[in-house]
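Following: one structure in structure tokens, then a few remarks.
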Amino acid sequence: MKKQTKVVKRRRRENKTNYSKRLKLLKGRHIRFVVRKSNKYIVLQIIKSIRAQDNVLVSVSTKDLLKYGWPSEKTGSLKSLGASYLGGLLLGKKVQGKIKGRVILDSGLIPNTKGSRVYAAVKGLKDSGIDINISEEVVPLMEKIEKKDFFNNVKSKIEGIK
């Protein structure tokens, strides 16, 4: 008789889903702040799960920063620390009043590294007024985030959103 082995799930094989981490997040029943990296951009989403079905409430890509004054010749830097911070700030401004309670971070398969782009996006979300628990020692320094000369111009335009 043939011994049956555990079947590895398709999305795990494709390096898209960590099922044990996802199960823990779903059991918490909190609204999630999801950060995903692509080759060119960082995608930030606020997701509410109802019976293991994800509903995206608000989504922002760092490509949207081009509308707020990010120079078009600097599109290669839309994955930088500054871009992820501004993306988190923009998402926080768009979601104001739509959610209640605490938001938790869902970084997916992105490793937790101190001072990374994920934590820069979380800092941007927190600075916009959203309640998210984050330790200040893992957040990158503002000197590293504000390297670009056009950063404050884009930040002021985003902060003007109501």
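Gaussian network model of the chain, Cα springs within a sub-10 Å range: biggest mean-square fluctuation belongs to which of Arg13, Arg102, Arg32?
Maximum among the listed residues: Arg13.
With each pseudo-label sitting 7 Å past Cα toward Cβ, what's the Asp127-Asn15 distance in nm, one decimal?
According to this spin-label approximation, the distance is 3.1 nm.
Cα-Cα over 28 Å: which of Lys16/Lys40; Lys21/Lys123; Lys24/Lys74?
Lys24/Lys74
With all distinct Cα pairs included, what does the Kirkwood hydrodynamic radius of the chain come out to in Å, to one decimal, could you say?
About 16.7 Å for the chain.
Once you list every other residue whose beta carbon is under 9 Å from the beta carbon of Ile46, what net charge do they have if Lys and Arg are +1 and Asp and Glu are -1?
Value of the local net charge: +4.
Which helices, taking whole DSSP H runs in the chain, have alpha carbons extending 18 angstrom or more along the helix axis plus mean Kyte-Doolittle at least 0.5?
81-95
For the chain, modelled as a Gaussian network with Cα springs under 10 Å, which listed residue fluctuates most, Arg29, Arg117, Arg11?
Sorting by GNM fluctuation, first place goes to Arg11.
Under 10 Å, Cα contacts only: if you run a Gaussian network model on the chain, which one of Asp131, Asp54, Asp149 comes out with the highest mean-square fluctuation?
Per the Cα network of the chain with a 10 Å cutoff, Asp149 tops the list.
Could you work out the helix-only [θ] at 222 nm for the chain, with each DSSP H run of four or more residues adding -39,500 (n - 2.57) and the total divided by the number of residues, to the nearest 500 deg cm²/dmol?
Rounded to the nearest 500, the figure is -9000 deg cm²/dmol.
Starting from the Cα-Cα distance between Gln53 and Ser38, subtract it from 0.36 nm times their residue separation and give me the gain in nm to one decimal.
Value of the extension gain: 3.1 nm.
Give the percent of DSSP beta bridges with both residues in segment 1-124 that are antiparallel, rounded to the nearest 5. Present the calculation step by step, with values, prior to reporting the outcome.
On the way: 14 of 18 bridges.
Bridges in segment 1-124 that DSSP calls antiparallel: roughly 80 percent.
Report the residues of segment 145-162 in range of a label on Lys74: point 7 Å along Cα→C-beta, backbone N strictly under 11 Å from it.
146-155
Where a number appears in this text, it was derived from the coordinates with a stated rule and is not lab data. Being a predicted model, the structure only gives us computed values, none of them experimental. A quick note on method: Cβ atoms are made from the backbone with ideal geometry, for glycine too, and the neighbour counts reach across all protein chains shown.
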